[in-house]
Every structure is written in C-alpha cells, then in structure tokens.
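Read through the structure below, which is laid out as structure tokens, and then see the notes.
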Ligand code: 5GP
C-alpha cells in the first residue's frame with residue numbers, strides 16, 4: 001500500500017483538488033495546519049507519495065523518511081516551535097490513525113514535560 005494514486009483527503013489536498021493552505025512545500029512533501037488542532041500549534045507533514053501507514057514504507061522509502069524528519073525541523077522553525085514540540089505518527093486504526101496516507105503530527109504550544117505521552 002504505497003502508491004501515488006491511493007485516494008485520501010490528503011491525496012486530494014496534495015493534488016489541489018481540495019483548497020488548503022500549504023505552510024511548507026518542497027519536492028517530496030507538504031505541511032498544513034491540522035483542521036482539528038489538539039494544541040496551540042498542530043501541523044501535519046505529509047509526503048506527496050501516498051504511503052498508507054508507516055509500516056507500509058519500504059527500503060525504497062528510506063531517503064524519503066529522512067527527508068520528512070528534516071522537513072519537520074524546517075516547519076517547526078517556521079512555526080516558531082523548534083525548541084519544544086512533539087512528533088507523533090499514528091500507525092493503524094487502533095493507534096488512532098484515521099487518514100491512511102502517512103503523516104507526521106507536529107504538536108506544540110503547550111508544556112509537555114509532565115506528560116510523557
Ligand atoms: P490521524 O488520526 O490519521 O493520525 O490524523 C489525521 C489528522 O488529519 C487529524 O488530526 C485530522 O484532524 C486531520 N485532518 C483530517 N482531515 C483534514 C483536512 O481535510 N484538512 C486538514 N488540514 N486536516 C485534516
């Protein structure tokens with residue numbers, strides 16, 4: 001499950017079929033604000049390649065996965081939260097994944113130090 005035609009809401013956003021403000025974009029990924037933020041800052045970094053879940057990534061995606069991590073740093077800098085954010089990937093429905101197109105949640109704007117998860 002890692003092709004470019006898998007249709008999810010994120011696929012539609014990436015293809016511009018659903019208007020959405022990209023707060024970051026490069027050749028391999030975009031970032032958008034989450035429509036239902038769980039903290040003051042809640043952004044999603046989404047690869048343009050439609051990998052359904054993290055576990056569906058293959059060795060071919062190794063560079064892309066590293067690229068996403070570096071993009072997270074850039075987006076966090078851009079949003080002014082580079083000194084304190086959480087990075088979350090929900091993998092599978094039982095873990096809370098609702099959109100089956102890999103995405104990384106950047107969650108920030110509150111103090112997490114007493115809250116480990
Ligand atoms: P998941 O639960 O799959 O880890 O995360 C999916 C996230 O996508 C949720 O936090 C949800 O609020 C967000 N989301 C779902 N649909 C849209 C949308 O159309 N636009 C944006 N910006 N976020 C969305």
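Miscellaneous remarks
Condition check ((1) over 27 Å from residue 112 (Cα atoms); (2) surrounded by 17 or more Cβ atoms within 10 Å (Cβ to Cβ)) across all residues:
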site: 30; (1), (2): no, yes
site: 37; (1), (2): no, no
site: 40; (1), (2): no, no
site: 43; (1), (2): no, yes
site: 62; (1), (2): yes, no
site: 68; (1), (2): no, yes
site: 71; (1), (2): no, yes
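- Residues within the stretch 90-105 that are farther than 18 Å from residue 40 by Cα, more than 7 Å from the ligand (Cβ to nearest atom) and surrounded by 12 or more Cβ atoms within 10 Å (Cβ to Cβ), tallied: 5
- Pick from the stretch 69-89, criterion more than 14 Å from the chain's Cα centre (by Cα) and over 14 Å from residue 34 (Cβ atoms), ranking: nearest to the ligand (Cβ to nearest atom): 78
- Subset of the stretch 45-60 that is away from the ligand (no atom under 16 Å from the Cβ) and touching a residue at least 40 places away in the same chain (Cβ under 8 Å) - its residue that is surrounded by the fewest Cβ atoms within 10 Å (Cβ to Cβ): 58
Throughout, read-outs are computed from the coordinates displayed, never taken from laboratory work. Every value quoted in this text rests on a predicted model; they were computed, and no experiment measured them. Counting neighbours? That spans all protein chains shown, and the Cβs are built from the backbone with ideal geometry, glycine included.
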